[in-house]
Amino acid sequence: MERLGSASLILACLWAASPACAQTTELVSIDRSGAQVPEASQAVVSSTGRYVLFRNAGAFPTGGQDPHGWYLRDRQAGTTELVTRNNAGETAVCVGAYGGTEFADMSADARFVAFSSRACNIDPDASTPKYRAYLLDRQQNQVRLIGPNASTEAFAPRIDDSGRRVAMLVGSPNTELRWYDLASGETGSLGRSGDFAISGNGRRIAFIGRLPDLPDSVVWNQMYVFDIDSRQTRLASRALDGGFSNGRLARPTLNRDGSVLVYESYATNLASGAGEYAPIIHYVDQQRSDALRNAQGQPWYGDSPHLSDDGTRIAIRGGFPGQVSNYPHAFAYDTSTRQFMLVSQNSEGMPASMGSTSDACENQPPGVCPIGSIRLFEQSPTISGDGRYVGFHSFGTNLVDNDANGEGVDVYLRDLGSYSSGGIPFVAPVPLAASLKWLLAALVLAVALRVAPLQRR
């Protein structure tokens, strides 16, 4: 019976019908009426995968409302909620001007949503179009201004898991990276910066900048990790020879406790054998770096990394490892096995027919377009804290049945299955033809029936 049970599990896996091994792809860019959103991008996944934040890409809603609002999909309740809004529940807009809600982030349980917007109808002091940062408390149904005052621009607030600490860029044209403790009122500056990330526990901030004591010969953007509790700053982009990065860096991501950092890199001197476009994995407490490599030890090239809570899983975008890909796809990477799993595929295992980018380089293979050409702060793909779910956006037309908007960009969630933390090789699957499925099924069943009588003797 044990053999028959194993055979049944294998057969179920062939059709991806068993919860134990099923990997499914779900459309999450659905509007409040339950219809598919014509255009959507970005995909911020909550800790358990229950919630997904996505951004309307211009066609929904209509009627003069902000064409770039953010929505929260509750997969468990089957509801979609506007989160870039004012206290009256109205879409964040500015009369006669573009609303411009460019960025949103949420706490682990989705109670708090931080966003930046040029809206004039949220804060009474915000009478002119200017980027400001806001915090929505969904439990209290309250939206309030956070960060600097309403007269100072603020961009891209990133929030920790508890909703207590927020980091954001303030000022224009020269942007300063500041952090805020919303509970104690503490704040601090990390100086001029570009992209950044905050750890889930709110203690560490990884940021791109240049400390003032560096010589002029050093490339401007180095990678640092700042510890809010100890007030210490460490250089993360330390070169193999003890010097500094010799190339541009971008898009840092931290795991929950801030012990693992991954970022895009143009540098060639941060890890052995790493060339341009090879993401760097940095172990903060050990002060050790390595290039993201495949199972054969070769550097792999991609962009937009995002870490799971324990730092062992990375959602990332790029081409098939060792293969030529027509479009960049979304992948999940296991740091312990150095194996990749294709994320941008449908529930039957067929890769997406088009890519997972949203700019002018959308149809180009990795490496053709420079990392910096893709939108700063783009949040796709992202992985849930538990490492099981990956959110991504794609132009593919074959990811779900009845794709109503054709090649319009949609937001999806890929469930890697309950074996996603081990047990099944982490590889890009190849779809089985129906005839091959039946042949394998017959073979598995025949072996099981032949062995079963021997087990009873």
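Need the full-extension length gain, residue 220 to residue 137, defined as separation in residues times 0.36 nm minus the C-alpha distance. One decimal, nm.
26.1 nm
Does anything in the stretch 111-128 have its amide N under 17 Å from the 7 Å Cα→Cβ label point of residue 183, and if so which residues?
111-113
Can you pull the one-decimal nm distance between simple spin-label points at residue 404 and residue 294, each 7 Å off the Cα toward Cβ?
Computed distance between label sites residue 404 and residue 294 equals 4.0 nm.
Heavy-atom accessible area of residue 111 with all protein chains present, probe 1.4 Å, nearest 10 Å²?
Its heavy atoms expose roughly 60 Å² to the probe.
How large is the direction-averaged shadow of the alpha-carbon convex hull of the stretch 208-331, in nm²? Don't skip to the end; give the middle numbers.
Working: hull surface 32.3 nm².
Answer in nm², one decimal: 8.1.
Could you check the simple spin-label distance between residue 283 and residue 172, using points 7 Å along Cα→Cβ, in nm with one decimal?
Going by the 7 Å Cα→Cβ label model, 4.3 nm.
Restricting everything to alpha-carbon atoms, can you work out Rg to Rh for the stretch 100-229 with a Kirkwood hydrodynamic radius?
We get a ratio of 0.99 for the stretch 100-229.
Using each residue's phi in the stretch 159-172, evaluate 6.51 cos²θ - 1.76 cosθ + 1.60 at θ = phi - 60° and report the 3J(HN,Hα) Karplus result to the nearest Hz, with x for Gly and Pro.
10, 7, 4, 8, x, 8, 10, 9, 10, 7, 8, 10, x, 7
How high is the FRET efficiency between residue 152 and residue 257 when r is their beta carbon distance and R₀ equals 35 Å, given to the nearest 0.05?
Result of the calculation: an efficiency of 0.65.
Express the relative contact order of the stretch 161-231 as a whole percentage, based on alpha carbon pairs under 8 Å and six or more residues apart in sequence.
Contact order relative to length: 23 percent.
In terms of solvent-accessible area of protein heavy atoms at a 1.4 angstrom probe, what is the ranking of 204, 238, highest value first?
Ranking 204, 238 by accessible area, largest first, yields 238, 204.
Please give the solvent-accessible surface of residue 220 in Å², to the nearest 10, using a probe radius of 1.4 Å with every protein chain present.
For residue 220, solvent-accessible area is about 100 Å².
Can you list the residues, at least 5 places off or on another chain, whose amide H is less than 5 Å from the amide H of residue 278, using H built in the peptide plane?
265
The values are calculated or read from the model by the stated rules, or taken from the named source; none is laboratory data. All values derive from a computational prediction rather than experimental measurement. Cβ atoms come from the backbone with ideal geometry, glycine included; neighbour counts cover every protein chain shown. With ligands, DNA and RNA removed, areas are computed over all heavy atoms of the protein, side chains included. Shrake-Rupley method; radii C 1.70, N 1.55, O 1.52, S 1.80 Å.
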